[in-house]
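Here is the structure we will look at, set down as structure tokens.
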Amino acid sequence: MKDLRKKIIKKARRVVVKVGSAVVAGSPGVFSRLASGIHELKNSGREAAIVSSGAIALGIQKLGLKVRPATIPERQAVAAVGQGSLMASYDAAFADFNEKVAQVLLTHDDLSNRNRFLNARNTLITLLRFGIVPIINENDTVAVEEIKFGDNDELSALATNLFEADLLIILSDIDGLYDRDPKKDASAKKLAFVEDVDSINMDSLGNGTNRLGTGGIRSKCEAARKAAHFGAATIIANGNSEDVIARIISGEDIGTLFLPKEDRLTSRKHWIAFSTRPSGRVFVDDGAKEALIKKGKSLLPSGIKDVDGSFDAGEVVHCVDIDGMEFARGVANYSSAEIKKIKGLKTTEIESVLGYKIYDEIIHRDNLVVL
């Protein structure tokens with residue numbers, strides 16, 4: 001397994017490094033260590049982006065607050081105070097290594113819209129061409145519940161697709177994934193690797209947090225799962241360890257390695273599965289469900305029993321069975337209003353009902369992901 005770790009890391013040309021709030025605000029010299037690690041990573045011929053938490057954590061420290069703000073307006077205000085300090089710290093630390101950084105602030109809304117997703121990717125690729133290290137963070141000062149990622153672990157997973165990365169490194173205040181909760185069981189053993197992240201029972205992990213951050217081990221494993229389906233490996237390691245990035249890149253057995261999926265999703269299908277927030281649901285019969293799952297077919301109007309929600313053509317929707325259980329999602333070729341009119345019909349009947357026919361399929365197989 002050690003040889004496999006080295007092989008995976010050696011092949012990685014683009015790396016996303018996610019830094020948690022507990023690391024950013026919890027140890028002195030952290031920015032210098034990160035700058036040094038990224039500098040060495042770039043010198044090894046790789047490209048890197050950082051997904052950094054810490055705006056709220058630094059704002060809490062700057063304002064002398066004892067607890068994390070409970071309301072969204074308070075968190076937005078605290079983030080506004082801390083974001084400047086966060087970027088100033090990165091800027092100063094990277095300047096010591098003659099490296100330049102750039103601030104990239106995103107909301108989930110930015111990544112769920114395909115055009116804005118591609119625009120963000122183009123910006124990141126251009127920054128890399130200039131030799132600049134992007135520092136990505138959630139735009140906490142404007143994000144509300146409907147457009148929030150939830151935590152930067154999820155953002156880092158989506159960034160693997162956005163950045164087209166081969167490796168995701170999640171640096172936190174934990175050493176990796178254990179077979180049992182090490183805080184409750186002293187005999188718990190750290191797992192060196194996870195071969196199939198889909199086999200993990202996420203509900204059994206819990207999601208403990210600290211006063212500075214929002215993510216726990218569950219959200220990190222969820223991030224590893226999403227990255228794995230894009231074909232990227234993930235390493236969860238302790239960001240307070242000395243030279244942690246350099247040690248990971250050298251192939252040292254540090255943290256927990258999550259292997260990538262061999263049957264990786266394309267960038268577009270990964271975006272459909274994980275970056276979007278579906279606008280509605282289409283209920284399909286058992287025959288259509290089987291055709292989608294087992295035969296790789298497109299969804300036709302004849303297989304649709306009902307529609308829920310309001311959406312336009314081009315938006316992502318949930319595909320659910322008669323009991324409402326989601327089994328796929330995809331980009332609808334018709335609006336919810338149009339689908340209600342043609343549900344249950346044959347494709348040859350679409351034009352006679354709507355007065356036009358743009359597509360035969362409600363969702364084409366190329367724009368559909370079975371979950």
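Key figures
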{"item": "Residue match in segment 34-46 (condition: buried (at least 16 other Cβ atoms within 10 Å of the Cβ), modelled with pLDDT of 95 or more and assigned to a loop (DSSP other than H, G, I, E, B))", "result": "yes"}
{"item": "Residue match in segment 257-269 (condition: modelled with pLDDT of 95 or more, in a strand (DSSP E or B) and farther than 30 Å from Glu351 by Cα)", "result": "yes"}
{"item": "Residue that is surrounded by the most Cβ atoms within 10 Å (Cβ to Cβ) [pool: residues in segment 71-104 that are touching a Phe, Trp or Tyr at 6+ places or on another chain (Cβ under 7 Å) and hydroxyl-bearing (Ser, Thr, Tyr)]", "result": "Tyr90"}
{"item": "Of all residues making up segment 350-364, the number that are touching a Pro at 6+ places or on another chain (Cβ under 9 Å) and part of a loop (DSSP other than H, G, I, E, B)", "result": "3"}
{"item": "The listed residue being part of a strand (DSSP E or B) and either over 27 Å from His229 (Cα atoms) or out of contact with any helix residue (DSSP H, G or I) (no Cβ under 6 Å at 6 or more places or on another chain) (or both), out of Val369, Val317", "result": "Val317"}
{"item": "Residue ID - surrounded by the fewest Cβ atoms within 10 Å (Cβ to Cβ), chosen from residues in segment 264-286 that are touching a helix residue (DSSP H, G or I) at 6+ places or on another chain (Cβ under 6 Å) and aliphatic (A, V, I, L, M)", "result": "Leu265"}
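The values are calculated or read from the model by the stated rules, or taken from the named source; none is laboratory data. Keep in mind the model is a prediction, meaning the values are calculated, not measured. Note that each Cβ is placed from the backbone with ideal geometry, even for glycine, and that neighbours are counted across all protein chains shown.
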